[in-house]
Amino acid sequence: MIEFRHVHKHFGALHVLNDIDLRIEAGEVVVICGPSGSGKSTLLRCINRLEQIDSGDIVVDGISVATTREITRLRAEVGMVFQRFNLYPHLSVLDNLTLAPLKVRGVARAKAASTAMELLTRVGIPEKAAAWPAQLSGGQQQRVAIARALAMQPKIMLFDEPTSALDPEMIQEVLEVMIMLAKDGMTMVVVTHEMGFARRVADRVVFMDDGRIVEQGAPEVFFTQAKDARTQAFLGKILSHV
Amino acid sequence: MSSERVQTMLWWCGVALVCAFAAESAWHLEWAAVAPSWLFLLTALGRSWLLAVVAIGVGIVVAFPLAVLRVYGPAGVRHAAVTLIEAVRATPELMVIFWVYFTLPYLIGTQVSAWNAALGSLSVIAAAYLAEVIRAGLYSVPVGQIEAARSSGLNAYQVFRFIVLPQALRNMLPALIAQLVALFKTTSLVYAIGVMDFFRAVNVTKNAVFAPYALYLILGAGYFVSCFAITRVVRWFDPRYQLLE
């Protein structure tokens, strides 16, 4: 479904992605973790070309991301959820969900609205359809953001630290929506520090450091038998106080 | 009685006294001398309004593409837009008016009437300043908004039309009001090239009849009411006000 082939990317002198090779199959849930600045967010953002790569290739759903002339068509198939929610503050919750289906897919308004209501029900806040984003809590905003991405009926969902900006008591409600999605068979790439989520839901955990993929494996192996010293050090830091 | 209430009462007594004194003084001003000129003055105020409205209208129409080019245009176009905007903004408004009235005829070889020079120069000034207001509005929309919209599959035009523009317009409103008010006041500068705007009309009247205090009061009131009206009218378009009410 997603394939990185020898991908390199620089931000000035910084080599943020260094020879990345990665294959993600349809229906797989992959968690990417690593210290800050390791390139994990950048890797995620390259999948829908929010960042351009310098060399190598990324193939998503059979389309070469770097060279395609129809990037909007590819983006329509790839939903994205951001750390800061990024809901459109000037649109109601319902309009946040229907904008892209109306404008990109050309879905009829009534159909788009009914799909949106179904999704809001699925994420547990149908009663907020008419609300403004600013009237919602962080957890509710992030659930709306997930529903907004799902409204396009994407084949792949990208999550860029979806719980990092949330108060602790709101993290769970967002994770539960993500778990539900994973169980429904969605292909998901998740950048997160939520190791509990990784352990329960991920098919694979990928550890990055310094622009490279250092180590990857099934969660039960990854968390108990990490081979690389950097992985062990990282896991030691983030798991020690759980 | 608490000292606080005494203070409040004293304060309002003071205000009432000042108001009464001002009203009484105004009553004794030379209104009889000014009265015959009321239509002349009102027409001139209308002329100032016409100048402002045309300048703002033309200004916005020109400023919008100018700002968009400055933000999104390719390097060459962007630099041209910057040069144009900064050249006008970095020179006194009066100089721009003089240039259009005195220098432009020399360059194009035909006379420019004072009225047309006033319209033209004010439009140029409006365009340059409003372009900056619009640019600030465009920049005020967070990058995350644009990324969210792009990642949902909207194309560049749709991102601009449905996400950037509505938020930019709302964010630029306070600066827009300030700029429109400033522009209205700038219209008074055209008196220097002989256009009979409100400012000049008041001065002409003052030279004809002896009523300086009444006329200065009229002058202040005319501009104040006009600028206040602009503020109110623009606010009326603010979606946020409708949202909260």
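Values quoted throughout were computed directly from the atomic coordinates according to the rules given, and no laboratory measurement underlies them. Computed from a predicted structure; not experimentally measured. We place every Cβ from the backbone using ideal geometry, glycine too, and count neighbours over all the protein chains shown.
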> For the range A:85-90, what does the Karplus curve 6.51 cos²θ - 1.76 cosθ + 1.60, with θ = phi - 60°, yield as ³J(HN,Hα) per residue in whole Hz, taken in order and with x for Gly and Pro?
Replying inline: 6, 6, 5, 7, x, 8
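How large is Rg over Rh for the protein assembly as shown, taking Rg from the Cα atoms and Rh as the Kirkwood inverse mean of 1/r across Cα pairs? Numbers along the way, then the final one.
Details: Rg = 31.4 Å, Rh = 27.4 Å.
Rounded to two decimals, Rg/Rh equals 1.15.
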> With the calculation restricted to Cα positions, what are the radius of gyration and Dmax of chain A in angstrom?
Replying inline: 17.9, 55
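So, with +1 on the Cβ of K and R and -1 on the Cβ of D and E, and no other charges, what is the size of the charge dipole of the range B:148-245 about its Cα centre, to the nearest 20 debye?
Values: 9 positive and 3 negative charges, 34 e Å.
Computed about the Cα centre, the dipole is about 160 debye.
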>> Under 8 Å for C-alpha pairs, at least 6 residues apart: give me the relative contact order for the range B:37-244, rounded to a whole percent.
In response: 28
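Using a 10 Å Cβ count of at most 14 others and DSSP loop calls, identify the longest part of chain B lacking such chymotrypsin sites (Phe, Trp or Tyr not before Pro). Working shown, then result.
Details: sites that count: B:F210, B:F237.
The segment B:1-209 is the longest one with no such site.
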>> Could you work out the relative contact order of the range B:116-175? I mean the mean sequence separation of Cα pairs under 8 Å and 6+ apart, divided by the number of residues, in percent.
In response: 44
> Under the rule of -39500 (n - 2.57) per DSSP H run of 4 or more residues, summed and divided by the residues of chain B, what mean residue ellipticity at 222 nm is obtained, to the nearest 500 deg cm²/dmol?
Replying inline: -25500 deg cm²/dmol
>> I want to verify a result. In a Gaussian network model of chain B, Cα cutoff 10 Å, which of these has the top mean-square fluctuation: B:A22, B:A32, B:A229?
In response: B:A22
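Counting every Cα pair in the range A:189-237, what percent are over 13 Å apart?
Details: 628 of 1176 pairs.
Tail fraction, whole percent: 53.
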>> Taking the alpha-carbon distance from A:K103 and a cut-off under 30 Å, which lysines remain once sequence neighbours fewer than 8 residues away in the same chain are dropped?
In response: A:K111, A:K128, A:K155, A:K183
> Taking all pairs of different Cα atoms in the range B:37-244, averaging 1/r and flipping that mean, what Kirkwood radius in angstroms comes out?
Replying inline: 18.9
> Each residue of the range A:111-122 in order: what ³J(HN,Hα) in whole Hz does its phi give by Karplus 6.51 cos²θ - 1.76 cosθ + 1.60, θ = phi - 60°, with x for Gly and Pro?
Replying inline: 5, 4, 5, 5, 4, 4, 5, 4, 5, 5, 5, 5
> GNM, chain B, Cα, under 10 Å: largest mean-square fluctuation among B:T43, B:T231, B:T110?
Replying inline: B:T110
>> Report D for the range B:110-193 in µm² per second (integer): Stokes-Einstein, Kirkwood Rh on Cα pairs, 20 °C, 1.002 mPa s.
In response: 143
> Check A:V214: other-chain or 5+ apart residues with amide H under 5 Å from its amide H, H built from backbone geometry?
Replying inline: A:F207, A:M208, A:D209
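Tell me the mean residue ellipticity at 222 nm calculated for chain A from its helices only (DSSP H runs of n ≥ 4, each -39500 (n - 2.57), averaged over every residue, nearest 500). Spell out each step's value before the answer.
Numbers: 9 runs with 89 residues, N = 242.
Computed mean residue ellipticity for chain A: -11000 deg cm²/dmol.
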